[in-house]
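To keep things clear, I will list the structure first and then write my remarks on it.
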Amino acid sequence: MNRPEVILNVFSSVDGKITTAPEKNVAEWAAAGIDGEANEITHQLYDELNCDGLASGSESLIVWGKDWVELDKPIYEPKKSKAYIVFDGKGRIDWYQTEGLLVVTKENVSVEYIQQLKEKGINHILAGTGEFIDLSIALNKLYDMGYRKLGLSGGGSINGAFLRRGLIDEISLVIAPLAIGGTATPSIFDSKDLKDLDDATNLELKNVKPVGNGSVWLRYKVKK
């Protein structure tokens, strides 16, 4: 089954946290000027990595909406991306911003949600009828639509889902000069615990590069 290449492209603290605490917006790091420019650099990397679509999960948008953080200057907007692809299997979002949006949801999501997508003219893909979106079906449909390289930007739940299903081909990680800690704070990969070391995802280092003001860009290939 054909699918686009998937590059996880995110930034985190040195201990892998992607927000300050549960329900917090990671943009506060940039607003406070303490992220080492990691937020801005990560957005620029979508184009350097030639991503033709950006993907994230609905939980990210929900958190950002609850904890909105205003930035002094707008973040770089990727130029090569054809769509912002949001995986919303539970049909939880009442969409307001629809320009350039592509929603991925389940075939058995509520009728009301499908009606909303149609009424607002939102492009959407239906993938699977299980508890969660069938990611393989979704990626195959995205490939058929012409997408060849997706930049996956979290949050931790969808990153973890892609990781556990072996659907990440490369990891592009900008480490900000911060240490956060916490036991419930979202991390790069939030997923079920491994039962065996053999199930760990092995990586091959492609590049290390200092970037911004104290940040480091790590680029890994996933070893299949």
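Please find, among Ala176, Ala184, the residue that is farther than 28 Å from Lys79 by Cβ, touching a residue at least 60 places away in the same chain (Cβ under 8 Å) and not acidic (Asp, Glu).
Ala184
What are the pairs with Cβ atoms under 7 angstrom where one residue, in region 12-24, is farther than 20 Å from Glu37 by Cβ and the other, located anywhere, is surrounded by fewer than 13 Cβ atoms within 10 Å (Cβ to Cβ)? Sequence gap at least six, or different chains.
Correct list of pairs: Pro22/Ala184; Glu23/Lys66.
What residue, among those in region 66-99 that are small (Gly, Ala, Ser) and within 16 Å of the chain's Cα centre (by Cα), is modelled with the highest pLDDT?
Ranking the qualifying residues of region 66-99, first place goes to Ser81.
Given (1) farther than 21 Å from Arg3 by Cβ; (2) crowded, with 19+ Cβ neighbours inside 10 Å, where does Lys195 come up short, assuming only one miss?
Looking at each condition in turn, Lys195 falls short on (2).
Any residue in region 144-161 that is in a loop (DSSP other than H, G, I, E, B), more than 20 Å from Lys80 (Cβ to Cβ), modelled with pLDDT under 95 and within 16 Å of the chain's Cα centre (by Cα)?
Looking for residues that are in a loop (DSSP other than H, G, I, E, B), more than 20 Å from Lys80 (Cβ to Cβ), modelled with pLDDT under 95 and within 16 Å of the chain's Cα centre (by Cα), one finds at least one in region 144-161, hence yes.
Of everything in region 35-61 that's more than 20 Å from Ala138 (Cβ to Cβ) and charged (D, E, K, R), which residue is surrounded by the fewest Cβ atoms within 10 Å (Cβ to Cβ)?
Here the answer is Glu48.
Tell me which of these Ser81 doesn't satisfy, since it passes every other one: (1) touching a residue at least 60 places away in the same chain (Cβ under 8 Å); (2) of a type in the set (S, T, N, Q); (3) not in a loop (DSSP other than H, G, I, E, B).
All conditions are met except number (3).
Return the total of residues in region 1-19 being assigned to a loop (DSSP other than H, G, I, E, B) and surrounded by fewer than 20 Cβ atoms within 10 Å (Cβ to Cβ).
Final tally of qualifying residues: 5.
Across region 170-200, what is the number of residues that are in contact with a Leu (Cβ under 9 Å, 6 or more places away or on another chain), more than 18 Å from Gly151 (Cβ to Cβ) and among the β-branched types (Val, Ile, Thr)?
0
Considering only residues of region 175-192 that are surrounded by fewer than 20 Cβ atoms within 10 Å (Cβ to Cβ) and touching a helix residue (DSSP H, G or I) at 6+ places or on another chain (Cβ under 6 Å), which is modelled with the highest pLDDT?
Asp190
Would you confirm, using the coordinates I've provided, whether Leu152 is over 30 Å from Asp94 (Cβ atoms) and in contact with a Leu (Cβ under 6 Å, 6 or more places away or on another chain)?
Spelling it out, it is not the case that Leu152 is over 30 Å from Asp94 (Cβ atoms) and in contact with a Leu (Cβ under 6 Å, 6 or more places away or on another chain).
The values are calculated or read from the model by the stated rules, or taken from the named source; none is laboratory data. All figures in this text were calculated on a predicted structure; none of them were measured in a lab. FYI the Cβ positions are ideal-geometry reconstructions off the backbone, even for glycines, and counts take in every protein chain you see.
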